[in-house]
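So the structure is just underneath, and the comments pick up after that.
Just so it is clear, none of the values below were taken in a lab; they were calculated from the coordinates. Everything quoted here is computed from the prediction, not taken from an experiment. With ideal geometry, Cβ positions are generated from the backbone for all residues, glycine too; neighbour counts draw on all protein chains shown.
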Amino acid sequence: MMTLNQLNIGQLATIHDVHSGNALVRLCDALGLIPGAPVTVLRRARGKGPMQIKSMGTLYAIRSDDAEYINVEVA
């Protein structure tokens, strides 16, 4: 198992769970980034900048620090 911020560009994975404070969990639920959802990393900013991901046809920008709390299983 890996975290979302460890995926390489173009790599496909499935969200396993979100293990952070209630705010991030609720935000992910509201956006549809829920367990079982497929996710692909499209772009990364340098360093600790945000990353662009795609899940179920929707594009998202997520901070690398927040992506550390999203566990994924590589497809």
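Table for the structure above
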item: Contacts under 7 angstrom Cβ, first residue in the stretch 38-57 being touching a residue at least 12 places away in the same chain (Cβ under 8 Å) and of a type outside the set (Val, Ile, Thr), partner in a loop (DSSP other than H, G, I, E, B) and surrounded by 15 or more Cβ atoms within 10 Å (Cβ to Cβ), 6 or more apart; result: Ser55/Leu33; Ser55/Ala37; Met56/Ala37
item: Positions within the stretch 2-43 being under 13 Å from Ile62 (Cβ atoms), out of contact with any Leu (no Cβ under 9 Å at 6 or more places or on another chain) and among the β-branched types (Val, Ile, Thr), in sequence order; result: Thr3
item: Qualifying strands (runs of 3 or more DSSP E) (wholly inside the chain; at least 2 residues being surrounded by 15 or more Cβ atoms within 10 Å (Cβ to Cβ) and not aromatic (Phe, Trp, Tyr)); result: 12-18, 38-44, 51-55, 70-74
